[in-house]
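What follows is a single structure, written as structure tokens, with notes after it.
The values are calculated or read from the model by the stated rules, or taken from the named source; none is laboratory data. Since the structure is predicted, the reported quantities are computational estimates derived from the model, not experimental observations. Virtual Cβ from ideal backbone geometry, glycine too; neighbours counted across all protein chains shown. Keep in mind that these areas ignore ligands, DNA and RNA; they rest on the heavy atoms of the full protein, side chains included. Shrake-Rupley method; radii C 1.70, N 1.55, O 1.52, S 1.80 Å.
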Amino acid sequence: VNCKILKLFSLCSQFDEVFLTSRDQYLKLLENGDLLFQQVPMVEIDGMKLVQTRAILNYIAEKYNLHGKDLKDRAMIDMYSEGVMDLNEMIMMLIMSPDPKAKLEEIEKKAKERYLPVFEKALTGPVYLVGGKLSCADVYLLECTLMLEEKFAGILKDFGNLKSFQGRMLQIPAVNRFLLPGSKRKPPPDHKLLALAKEVFNMKF
Ligand SMILES: N[C@@H](CCC(=O)N[C@@H](CS)C(=O)NCC(=O)O)C(=O)O
């Protein structure tokens, strides 16, 4: 989820990232009243402290004209975005699964049979998913294809339009910079990160 915000931001403007590494840091944010629902991510922008991932993403997308030219384009962009996010979330949550192998198989099947065919079809001809121009849905989709390839090498081999789309997106200079080693892009969550999150948020599971 966070990665999406980072990617969208990277595309749009310069930003500084603060990554929580201790419970004290989190408690300080709470003390300052910075977190509306006592949760992160939080983005400081235009004099606001925005929380709730989708609210943050929508604000950035609107601000930088990545949310379609009219209401109908926006509805399509939102549908594609939500589909991508459902798939992304499954991958992100893999680390919490009691049976990661079975979960991985389920994700691969759903990706190949439910999600990727939709995007493959949408990209037959058009360069971008909606309205002939770059939108936030394209950015989320690119990220999703990269995450999928990290887990399932060669998964795009039967999805030629998606592979070409990925190639085109990677040529956008800001996207390209974001994917270079040493950028703000995060590796997939691992058990170390999970342990840190439990400590920072005092989670019991
Ligand atoms: N609906 C929120 C969920 C955010 C969320 O669950 N944040 C977690 C960290 S990833 C958190 O702050 N947990 C602390 C808590 O809930 O006490 C969003 O989309 O931003």
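Couple of notes before you dig in:
- A Cβ distance below 7 Å, combined with a sequence gap of six or more or placement on separate chains, defines the contacts here; from the range 58-73, residues that are acidic (Asp, Glu) reach residues that are at pLDDT 95 or above and buried (at least 18 other Cβ atoms within 10 Å of the Cβ) in the pairs 73/130.
- Of the residues 150, 113, 108, the single one that is in contact (Cβ under 8 Å) with a residue 40 or more places away in the chain and charged (D, E, K, R) is 108.
- Hits in the range 34-50 (condition: of a type outside the set (A, V, I, L, M), out of contact with any Lys or Arg (no Cβ under 9 Å at 6 or more places or on another chain) and open to solvent by 40 Å² or more (accessible area, probe 1.4 Å)): 37, 38, 39, 44, 47, 49
- Single residue of the range 34-57 satisfying the filter (without any contact (Cβ under 8 Å) to a residue 24 or more places away in the chain and in a helix (DSSP H, G or I)) that is nearest to the ligand (Cβ to nearest atom): 54
- Scanning the range 122-146 for residues that are assigned to a helix (DSSP H, G or I) and touching a residue at least 24 places away in the same chain (Cβ under 8 Å) gives 122, 136, 137, 138, 139, 140, 141, 142, 143, 144, 146.
- Residues satisfying the stated conditions in the range 147-205, i.e. open to solvent by 80 Å² or more (accessible area, probe 1.4 Å), assigned to a loop (DSSP other than H, G, I, E, B) and on the phi < 0 side of the Ramachandran plot: 153, 171, 180, 181, 187, 204, 205
- Here residue 9 passes the criteria (1) farther than 23 Å from residue 85 by Cα; (2) in a helix (DSSP H, G or I); (3) more than 9 Å from the ligand (Cβ to nearest atom); (4) open to solvent by less than 30 Å² (accessible area, probe 1.4 Å) except the one numbered (1).
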